[in-house]
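Student: Sending over a structure as structure tokens; questions will come in a sec.
The values are calculated or read from the model by the stated rules, or taken from the named source; none is laboratory data. Because the structure is a prediction, the values reported are computed rather than measured. Note: ideal-geometry Cβ built from the backbone for every residue, glycine included; neighbour counts use all protein chains shown.
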Amino acid sequence: MVSTYAQGTFCHKPSTVSGGGKSEISKSLLNAIIYGSFFVDDFDKDIQATDEIINRDYSNRWKNPEEHNLVSRSLLSPQRTLGSAIKLLTPSSQYTDEYNNFVKSIPAHVKALVFYVKRFYRPERTNDNWKDYFSTDVINGRKGHELLFNNRKLSASYLRVGFATDNSWYLHKLRSDFIAAAKIQMEDDITASITIPVKNLKYVNPEYPNKSLKLTENCERKFFQRPDEAIHRGYDKETEADLSQNNNFCSNYEPLSPEDGKRLVEDAINFDLYTKPIRRLIVEGSKDESGYYFISPSHPRIVDGAPSKNPRYLQIRPDLVNPIDDYLADLGLRFSRRIPLSEAVHHPINAVLPGRRNNPPDKKNGIRGLSVYGPIHYQDLPELFMDFICSLTGKSPSTTGAGSEGALTKGPFNMLSPVTDLNNALLSYILTGYNAFSSAAGYVGTDSRFDHDISLLIPELWSRMDIKDRDPQKLIAEGSLEKVEDFEYNGKRILASRLGYRITENFTFSYLNSIFDEPQAVFTDKMLRPEKQDIEAFADGVNNIVEAQTRVALDYFADGSVDAAIPPLKALLHIMAYGNYEGKPVSHPDIRNMFEREYVLSSEWYKERLLHKQQIDIAFLEKSLQYLDDFMKLEVNQEYTTQLNLHQRKANLAAELEHVKSDNYLEFLEGTIGADLLFTKA
């Protein structure tokens with residue numbers, strides 16, 4: 001049995017550049033998990049070593065024992081969880097050197113065996129005889145290596161997190177009790193949203209401290225997907241299922257003939273790697289005599305002698321194909337929160353997790369590096385919005401090069417001045433108090449390639465973290481986040497503080513144990529601190545970001561739209577362009593205070609936005625009333641006036657208009673973004 005939490009975590013991925021992993025956040029991790037048997041080396045020796053580890057005294061492991069509870073629980077104690085056991089056998093700066101050396105000396109397969117014992121141990125069932133439940137078969141008179149529990153094979157599961165320099169995979173063993181999170185896809189590329197004060201919403205999760213919340217609505221019926229991982233046969237099961245159907249719209253896939261199909265089928269070993277739907281499609285294609293072509297997810301179109309890196313297809317929204325999942329999620333939440341059928345079930349955003357597309361420098365093609373970010377970063381609002389204003393992307397399969405995608409990544413699609421969207425977005429972040437943690441796609445540093453592995457991992461991690469553990473101030477205080485500091489390189493000041501905070505070894509120790517057997521093996525020190533891979537590339541990458549931010553900010557001065565920016569945004573644009581605002585750098589307390597909710601609520605410019613919103617709503621309702629009056633006056637419409645109960649509707653509309661004209665309505669609007677005074681060029 002698997003326990004589930006009725007109130008899921010809505011992970012929102014805004015302002016994510018091309019190739020940053022927008023679609024991956026919604027894909028099931030089940031597609032990426034690799035399963036196999038678990039093997040021991042020498043069964044008798046390994047069981048003996050496991051027994052010694054289980055019965056060891058762990059009370060003396062702390063470097064500073066006075067800071068910890070000296071009553072140490074035994075490894076198999078019911079009061080110690082599997083996650084706690086994993087922490088116990090993971091090296092940590094909190095442990096003594098002697099204890100860390102002991103932990104490092106444990107062979108990986110023995111440590112995994114300890115976790116299997118912990119996973120299946122039940123005092124009422126196994127007592128001290130847990131060893132009797134584990135065994136191996138005897139093969140040719142010798143004990144085998146495949147571990148059995150109660151004479152049943154144990155399955156081990158592994159997850160790819162990154163690539164070695166020779167393109168081999170970094171596989172990490174998942175916890176023996178790991179179950180991938182169930183996911184409901186809420187959005188993909190285009191989302192409409194509204195910011196609402198908590199006071200105006202009923203039945204929302206009280207565990208979250210946000211005083212305003214953002215509600216979203218998906219605007220797409222079909223998603224324009226680029227299934228990067230489908231190049232690996234059988235890896236992306238969802239894409240292979242989609243592309244095996246009829247009536248697909250696809251681009252940049254190689255048209256395959258029956259002869260191509262026969263060759264794929266004859267390559268039996270590689271053919272068997274595909275999932276069943278694609279195997280069936282290829283077999284049908286190999287037998288087709290009508291002259292039609294077929295496609296395979298692992299065969300992009302050949303362009304200029306090489307496979308295209310931008311294969312695409314239109315995926316029907318999963319909730320339209322399988323609406324039962326959405327219905328059950330709503331129903332479970334309704335039961336959990338005791339929401340009456342007469343009330344709506346709201347799913348506000350719980351976590352803001354934008355993605356980055358990072359690339360190492362490509363001097364041959366004149367592309368500067370962007371891979372200066374660690375796997376996960378947190379940025380305060382000023383630094384975050386410097387990034388959002390610029391929205392720099394590395395070299396992505398969807399683009400012809402690197403550069404800015406425009407404010408909030410909307411450059412090619414925005415018919416308004418970017419300052420309007422930035423005003424609304426920044427104000428929404430300040431009022432809601434959402435904290436943004438960004439994840440890396442592509443590369444971390446010059447050498448560590450991850451593609452979308454971190455993008456897939458993030459929602460699994462965030463859905464398992466307690467709400468209080470997602471608080472950046474807590475993470476900073478406990479050493480799980482470290483600030484990236486400015487530094488000198490070749491006589492020049494490198495403004496690395498623009499990168500904000502990045503996760504540390506302590507973060508992997510404290511939180512990745514909910515997923516992996518060996519959490520601190522997932523990200524090495526050079527991955528957590530990319531400057532250790534190549535300091536020159538790191539410095540130039542930071543300079544690349546700062547220079548691009550300056551270049552983009554100056555455009556707002558050139559067209560005059562900087563004067564239409566709300567004060568916090570105006571200050572940022574000055575700092576990006578000239579390094580200060582009214583003589584104050586971004587670190588100055590007066591600048592930081594401009595990004596606080598209390599500052600906004602008390603400001604005259606915010607009250608002006610609320611008044612503007614009130615006037616817009618009054619004008620709309622008055623226009624609607626006039627329309628109803630004109631409609632009801634016509635003799636030909638009298639029958640419809642009665643049928644549609646328009647007299648009552650008009651009365652309701654008039655009552656609403658009186659409410660909107662009142663001071664109570666302004667109070668109702670407090671905590672929303674109001675309405676922007678749209679900037680237009682003279």
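Student: Cβ-Cβ under 7 Å, sequence separation 6+ or interchain: first residue in region 394-414 and surrounded by fewer than 21 Cβ atoms within 10 Å (Cβ to Cβ), partner modelled with pLDDT under 75 and in a helix (DSSP H, G or I). Which pairs?
Tutor: Gly406/Pro412
Student: I'd like the full set of residues that are in contact with a helix residue (DSSP H, G or I) (Cβ under 8 Å, 6 or more places away or on another chain) and part of a strand (DSSP E or B), limited to region 8-61.
Tutor: Hits for region 8-61 are Cys11, Phe39.
Student: Given region 289-401, what helices (runs of 4 or more DSSP H) lie entirely inside it while holding 2 or more residues that are outside the structural domain of Asp236 (by TED's automatic domain parsing) and modelled with pLDDT of 90 or more?
Tutor: By residue number, 323-337, 381-390.
Student: Among the residues of region 188-227, what is the count of those that are in a loop (DSSP other than H, G, I, E, B) and over 30 Å from Tyr158 (Cβ atoms)?
Tutor: Selection size over region 188-227: 16.
Student: Tell me the residue from Leu82, Leu76, Leu29, Leu88 that is crowded, with 20+ Cβ neighbours inside 10 Å and not assigned by TED's automatic domain parsing to the domain that holds Ala351, please.
Tutor: Leu88
Student: Could you tell me whether Leu328 is free of Cβ contacts under 8 Å to residues at least 12 places away in the same chain, within 20 Å of Thr216 (Cα to Cα) and surrounded by fewer than 16 Cβ atoms within 10 Å (Cβ to Cβ)?
Tutor: yes
Student: What number of residues in region 576-587 are touching a residue at least 60 places away in the same chain (Cβ under 8 Å) and surrounded by 15 or more Cβ atoms within 10 Å (Cβ to Cβ)?
Tutor: So the answer is 2.
Student: Something else about it: Just a yes or no: is a residue in region 588-600 basic (Lys, Arg), without any contact (Cβ under 8 Å) to a residue 12 or more places away in the chain and either exposed (fewer than 12 other Cβ atoms within 10 Å of the Cβ) or not assigned by TED's automatic domain parsing to the domain that holds Leu427 (or both)?
Tutor: No.
Student: Give all pairs with beta carbons closer than 8 Å in which a residue from region 33-51 that is at negative phi and surrounded by fewer than 14 Cβ atoms within 10 Å (Cβ to Cβ) meets a residue that is assigned to a helix (DSSP H, G or I) and at pLDDT below 95; count only pairs at least 6 apart in sequence or on separate chains.
Tutor: From region 33-51, the pairs are Asp41/His109.
Student: Residue under question is Ser92, and the condition is that it be at pLDDT 95 or above, within 36 Å of the chain's Cα centre (by Cα) and not aliphatic (A, V, I, L, M); does it hold?
Tutor: The answer is no for Ser92.
Student: Would you check which residues across region 243-260 are crowded, with 17+ Cβ neighbours inside 10 Å and either farther than 16 Å from Ser298 by Cα or of a type in the set (Val, Ile, Thr) (or both) and list them?
Tutor: The one that is crowded, with 17+ Cβ neighbours inside 10 Å and either farther than 16 Å from Ser298 by Cα or of a type in the set (Val, Ile, Thr) (or both): Pro258.
Student: Ok, one more. Tally up the residues in region 241-288 that are touching a residue at least 24 places away in the same chain (Cβ under 8 Å), farther than 15 Å from Ile231 by Cα, of a type in the set (Gly, Ala, Ser) and not in a loop (DSSP other than H, G, I, E, B), please.
Tutor: 3
Student: Let me ask something else. Tell me, which residue of region 506-526 that is within 18 Å of the chain's Cα centre (by Cα) and part of a helix (DSSP H, G or I) is surrounded by the fewest Cβ atoms within 10 Å (Cβ to Cβ)?
Tutor: Only one residue tops the list, namely Ser514.
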